[in-house]
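Let me begin by presenting the structure, written as structure tokens, before commenting on it.
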Amino acid sequence: MTYKPVPAGVTPEINLGDSFITTRVDAVVNWGRRNSLWPFPFGTACCAIEFMGVVSSMFDISRFGAELVRFSPRQADLLIIAGTVTYKQAPVLRRIYEQMCEPRWVISAGACATSGGFYDCYCTVPGIDEIIPVDVYIAGCPPRPEAFLEAVVQLQDKIAQESIKEQRTVGV
Ligand code: SF4
């Protein structure tokens, strides 16, 4: 192609059609992250049964890209706590969280995980946010599978707003 100098005062126009798009790195990375969540279910009681319904064909969490349930923290980035957590289990839960890939997110499912539920006793943790940070809470005893799906959508919205630069700075 021969170079033709553009005359002064004339804006050069090149028709590239739809051969490229422009976007932000945050938008692309967050798009990938929020649509490929790998959940690790920490199920200790009845709420875990509801989660089993969520991954079944009836409710089909794969519509949201989060169906690859993993039982190794190294292969998961979404920790779902479904059920009562006791102080004896607390160090185990903390260790699992720390072994997970970063960035990682946490959903607290149901009254027991979120607040200890009706277990007002010395052995029950009154909310897992005493042990690990929580991104989304699900109300209910038990929460319906639709509530789990709503929590996934809320988490996806939250991930879409995250900044890679800030994550690097803060180190979370
Ligand atoms: S919130 Fe209700 S359904 Fe869920 S683990 Fe506690 S008692 Fe069971």
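Find out how many positive minus negative residues lie around Y119, taking Lys and Arg as positive, Asp and Glu as negative, among other residues whose Cβ is under 15 Å from that of Y119.
Details: positive: K88; negative: D120, E130.
Residues close to Y119 contribute a combined charge of -1.
Antiparallel as a % of all DSSP beta bridges within the range 53-156, to the nearest 5? It would help to have the intermediate numbers written out before the result.
Details: 1 of 9 bridges.
Bridges in the range 53-156 are about 10 percent antiparallel.
Fewest first, what order do S57, S163, S62 take by the number of other Cβ atoms within 10 Å? Walk me through the intermediate numbers first.
On the way: S57 6, S163 14, S62 11.
Lowest to highest Cβ neighbour count: S57, S62, S163.
Once the Cβ-Cβ distance between S19 and K158 is put in as r, and R0 is 35 Å, what FRET efficiency do you end up with, to the nearest 0.05? Walk me through the intermediate numbers first.
Details: r = 33 Å, r/R0 = 0.95.
In this case the efficiency is close to 0.55.
Output wanted: per-residue J couplings in Hz (rounded whole) for the range 131-137, from phi through Karplus 6.51 cos²θ - 1.76 cosθ + 1.60, θ = phi - 60°, x for Gly and Pro.
Those phi angles translate into 10, 9, x, 10, 8, 9, 9 Hz.
If you add up the charges near C101, with Lys and Arg at +1 and Asp and Glu at -1, over every other residue whose beta carbon is less than 14 angstrom from its beta carbon, what do you get?
+1
Order by neighbour count: W38, W105, W31, fewest other Cβ atoms within 10 Å first, most last.
The fewest-first ordering by Cβ neighbours comes to W31, W38, W105.
With θ taken as phi - 60° and the coefficients 6.51, -1.76 and 1.60, list the Karplus ³J(HN,Hα) couplings across the range 66-74 in order, rounded to whole Hz; mark glycine and proline as x.
Once rounded to whole Hz, the list reads 10, 8, 7, 5, 10, 10, 10, x, 6.
Which distance in nm do the two modelled labels at F71 and S57 give, with both placed 7 Å along the Cα-to-Cβ direction?
So the two model labels end up 2.3 nm from each other.
Using the Karplus curve 6.51 cos²θ - 1.76 cosθ + 1.60 with θ = phi - 60°, work out ³J(HN,Hα) for each residue of the range 116-122 in order, rounded to whole Hz, and write x for Gly and Pro.
Running phi through 6.51 cos²θ - 1.76 cosθ + 1.60 with θ = phi - 60° gives x, x, 8, 8, 8, 9, 5 Hz.
If one computes the Cα centroid of the range 91-136 and of the range 40-86, what distance in Å separates the two points?
14
Subtracting the Cα-Cα distance from 0.36 nm times the residue separation, let me have the gained length for Y87 to A27 in nm, one decimal. Each step should come with its number before you reach the end.
On the way: separation 60, 0.36 × 60 = 21.60 nm, distance 3.93 nm.
Residue separation times 0.36 nm, minus the Cα-Cα distance, leaves 17.7 nm.
Looking at the square roots a ≥ b ≥ c of the eigenvalues of the Cα gyration tensor of the range 79-165, which shape do they give, rounded for a/c under 1.5, prolate if a/b is larger than b/c, or oblate? Numbers along the way, then the final one.
Values: a/c = 2.59, a/b = 1.31, b/c = 1.97.
Judged from the Cα gyration tensor, the range 79-165 comes out oblate (a/c at least 1.5, b/c at or above a/b).
Springs between alpha-carbon pairs under 10 angstrom, Gaussian network model over the chain: which of P91, P39, P126 fluctuates most?
In this elastic network of the chain, the residue with the biggest mean-square fluctuation among P91, P39, P126 is P91.
Divide by every residue of the chain the summed helix terms, -39500 (n - 2.57) for each DSSP H run of at least 4, and state the resulting mean residue ellipticity at 222 nm, rounded to the nearest 500 deg cm²/dmol.
On the way: 6 runs with 58 residues, N = 172.
Estimated from H runs of four or more residues: -10000 deg cm²/dmol.
Between 0 and 90 degrees, rounded to the nearest ten: what's the tilt of helix 90-99 against the longest Cα principal axis of the chain?
20
Which order do T84, T23 fall in if you start with the one that has the fewest other Cβ atoms within 10 Å? Write out the running numbers ahead of the final one.
Details: T84 21, T23 8.
In increasing order of surrounding Cβ atoms, one gets T23, T84.
Relative contact order for the chain: what is it in percent, counting Cα pairs under 8 Å that are at least 6 residues apart? Could the numbers behind the result be given before it?
On the way: 269 pairs, mean separation 38.8, N = 172.
Relative contact order, the chain: 23 percent.
A short reminder: the numbers here are calculations on the coordinates, not readings from a lab. This structure is a prediction, so every number in the text was calculated from the model and none was measured. Reconstructed Cβ throughout: ideal geometry from the backbone, glycine too, with neighbour counts over all protein chains shown.
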